[in-house]
Amino acid sequence: MFTSSSLTQFVASAHSQALEIFFALYFTNTTQTIPTSIYSDGEDGINLDMSTLPIPTQTALFDQLSSSYTGRTAITTFDFTLPLKPDLLVFETYAPGDQQYIHQGIIAGVEVAPGESTQEYQQQFQYALNNSNGVMVFDYDHLVKYGL
């Protein structure tokens with residue numbers, strides 16, 4: 001889908017706007033591996049999104065990344081007691097009750113929910129932005145689709 005040069009260009013463009021880029025790798029089964037080809041595209045870090053996998057598999061993937069990648073690491077999770085310790089945790093704080101877990105020291109996740117108004121989404125985003133160290137916007141396609 002992307003070439004190394006297009007990823008490098010994307011990262012350079014983001015950096016010119018003072019944004020940090022963490023490439024997110026989404027894992028859905030225990031046989032997937034980390035593609036080392038992305039380790040040198042200028043990203044600020046790599047995020048492992050693997051919350052549906054068992055903890056031993058998550059641990060093995062995180063250990064693999066930590067031993068072969070020198071940039072910052074992040075993990076996206078629903079588990080607020082995750083035993084792994086990356087540089088950053090991205091909490092999938094999508095349900096209204098999950099706002100209690102948003103605090104400084106984490107990256108909060110926000111997503112567009114069908115039927116949600118622009119105002120509701122913006123309130124969710126602003127709360128996450130004001131109360132954490134950053135926001136991961138999940139599903140850019142839905143932002144466009146719902147006009148947010």
Selection over the range 44-54 where residues are surrounded by fewer than 15 Cβ atoms within 10 Å (Cβ to Cβ) and within 18 Å of the chain's Cα centre (by Cα) yields a count of 1
Pairs with Cβ under 7 Å, 6+ apart, first in the range 112-132 and in the same structural domain as ASP98 (by TED's automatic domain parsing) and assigned to a loop (DSSP other than H, G, I, E, B), second modelled with pLDDT under 90 and of a type in the set (Asp, Glu): VAL112/ASP139
List pairs: first residue in the range 20-39 and in contact (Cβ under 8 Å) with a residue 12 or more places away in the chain, second residue among the charged types (D, E, K, R) and part of a loop (DSSP other than H, G, I, E, B) anywhere in the structure, Cβ distance under 7 angstrom, at least six positions apart or on different chains. GLU20/ASP44; ILE21/GLU43; ILE21/ASP44; PHE22/GLU43; PHE22/ASP44; PHE23/GLU43
Only residues that are closer than 11 Å to ASN131 by Cβ and touching a residue at least 12 places away in the same chain (Cβ under 8 Å): list them for the range 88-102, please. THR93, GLN99, TYR101, ILE102
Looking only at the range 85-100, decide whether some residue is more than 21 Å from ALA14 (Cα to Cα), in contact with a Ser or Thr (Cβ under 6 Å, 6 or more places away or on another chain) and either of a type in the set (Phe, Trp, Tyr) or not in a loop (DSSP other than H, G, I, E, B) (or both). no
Which residues, counting only those in the range 12-41, are in contact with a Ser or Thr (Cβ under 6 Å, 6 or more places away or on another chain) and under 16 Å from ALA74 (Cα atoms)? none
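Checking the conditions here, which among GLY97, GLY105, GLY109 is touching a strand residue (DSSP E or B) at 6+ places or on another chain (Cβ under 9 Å), exposed (fewer than 11 other Cβ atoms within 10 Å of the Cβ) and assigned by TED's automatic domain parsing to the domain that holds ALA128?
GLY105
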Answer yes or no as to whether THR70 is β-branched (Val, Ile, Thr), surrounded by 16 or more Cβ atoms within 10 Å (Cβ to Cβ) and more than 20 Å from GLY134 (Cα to Cα). no
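The values are calculated or read from the model by the stated rules, or taken from the named source; none is laboratory data. Given the structure is predicted, the values throughout are model-derived calculations rather than measurements. Every residue, glycine as well, gets a Cβ built from its backbone with ideal geometry; the counts of neighbours run over all protein chains shown.
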